[in-house]
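The values are calculated or read from the model by the stated rules, or taken from the named source; none is laboratory data. Everything numeric in this text was worked out from a predicted model, so none of it was measured. All Cβ positions, even for glycine, are placed from backbone atoms using ideal geometry, and neighbour counts span all protein chains on display.
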Amino acid sequence: MAVTVAGELAYTERFESTRGQAERLLPMVDRALSRAGLPPFKHEKVQQQLRHLGPRAVQLYDWLLEADLALKSSAGLPPRAVIERLLVRLAGGKE
């Protein structure tokens, strides 16, 4: 579900992320959540999580896609390292 929502956001709007720009995405988030089949009563919780992620929310889809491809590939980093890298990104740390 998160991938569907993140994909819809990435498709709808690509831009340099700042907190203000992320806030402007919230109306689009409602549409994306509805299209993904999420019940309306859960929309506010998702919006709170996106606010918490801030500018990282816009990059979420790309990070998930990158991790997915890396996990399915036989070359590159070991699976544990791929997941650790994703978690560091989500936490807002440096890679």
*Confirm whether LEU86 is surrounded by 15 or more Cβ atoms within 10 Å (Cβ to Cβ), modelled with pLDDT of 90 or more and in contact with a helix residue (DSSP H, G or I) (Cβ under 6 Å, 6 or more places away or on another chain).*
yes
*State the number of residues belonging to the stretch 58-81 that are surrounded by 15 or more Cβ atoms within 10 Å (Cβ to Cβ) and in contact (Cβ under 8 Å) with a residue 40 or more places away in the chain.*
5
*asked:* With the requirement that a residue be part of a helix (DSSP H, G or I), at pLDDT 85 or above, exposed (fewer than 15 other Cβ atoms within 10 Å of the Cβ) and of a type outside the set (Gly, Ala, Ser), what does the stretch 24-48 give you?
replied: ARG31, ARG35, PRO40, PHE41, LYS42, GLU44, LYS45, GLN48
